[in-house]
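Notes for the one structure printed next.
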Amino acid sequence: MRALIARIIGAESSELAATVLETLERNLPRDYPWAGNVRELEQAVRRILLTGRYTVEVAQAAPNEETALIEKLRAGELTSAELLAGYCALLYRRLGTYAEVAKRTGLDPRTSRKYVTGA
């Protein structure tokens, strides 16, 4: 964290590092997946340094949506396109990016986006 802050502001600052960490701990869930990895972390640090805050909208699949998908699957009521769309949408709500959905499913990110937005 200190190296990242030093790269952004041009000098090390233990005080700013502590502020950034405190802000992240206060505003993000403990198990936040950091879907954007280092780039997302860097943007979070920049935003905290500029505005003093950082929040993300963590989308959770509603239990009834998951249940409905599973019930339809068990009943054999889904086409392959509906199954893929439902699964991609579920992954997107959990992972937060089309790139992560694509990585998990083996689809192109544009294709994963098509299935998520069509679900």
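The values are calculated or read from the model by the stated rules, or taken from the named source; none is laboratory data. Bear in mind the structure is a predicted one, so any value in this text is a computation, not a measurement. Heads up, the Cβs are rebuilt from the backbone with ideal geometry, glycines too, and the neighbour counts pull from every protein chain shown.
Do you know which residues across the range 59-84 are under 22 Å from the mean Cα position of the chain (by Cα) and over 24 Å from residue 29 (Cβ atoms)?
Result: 83, 84.
So if I check each of 21, 16, 78, which one is assigned by TED's automatic domain parsing to the domain that holds residue 107 and surrounded by 11 or more Cβ atoms within 10 Å (Cβ to Cβ)?
Among 21, 16, 78, only 78 is assigned by TED's automatic domain parsing to the domain that holds residue 107 and surrounded by 11 or more Cβ atoms within 10 Å (Cβ to Cβ).
Here is a list of conditions, (1) without any contact (Cβ under 8 Å) to a residue 12 or more places away in the chain; (2) surrounded by fewer than 17 Cβ atoms within 10 Å (Cβ to Cβ), and residue 118 meets all of them except one; can you say which number that is?
Evaluating residue 118 over (1) without any contact (Cβ under 8 Å) to a residue 12 or more places away in the chain; (2) surrounded by fewer than 17 Cβ atoms within 10 Å (Cβ to Cβ) leaves (1) as the failure.
Residues being of a type in the set (A, V, I, L, M, F, W, C), surrounded by 14 or more Cβ atoms within 10 Å (Cβ to Cβ) and assigned to a helix (DSSP H, G or I): count how many of those fall in the range 24-59.
Of the residues in the range 24-59, 6 are of a type in the set (A, V, I, L, M, F, W, C), surrounded by 14 or more Cβ atoms within 10 Å (Cβ to Cβ) and assigned to a helix (DSSP H, G or I).
Considering 87, 92, which residue is modelled with pLDDT under 90 and either outside the structural domain of residue 34 (by TED's automatic domain parsing) or within 26 Å of residue 31 (Cα to Cα) (or both)?
Exactly one residue qualifies, and that residue is 92.
Tell me which of these residue 52 doesn't satisfy, since it passes every other one: (1) of a type outside the set (Phe, Trp, Tyr); (2) within 18 Å of the chain's Cα centre (by Cα); (3) closer than 28 Å to residue 2 by Cβ.
Failed condition: (2).
Please work out if residue 107 is among the hydrophobic types (A, V, I, L, M, F, W, C), assigned to a loop (DSSP other than H, G, I, E, B) and surrounded by 17 or more Cβ atoms within 10 Å (Cβ to Cβ).
yes
Residue by residue through the range 26-80, note down the ones that are hydrophobic (A, V, I, L, M, F, W, C), at pLDDT 90 or above and within 21 Å of residue 104 (Cβ to Cβ).
Matches in the range 26-80: 78 only.
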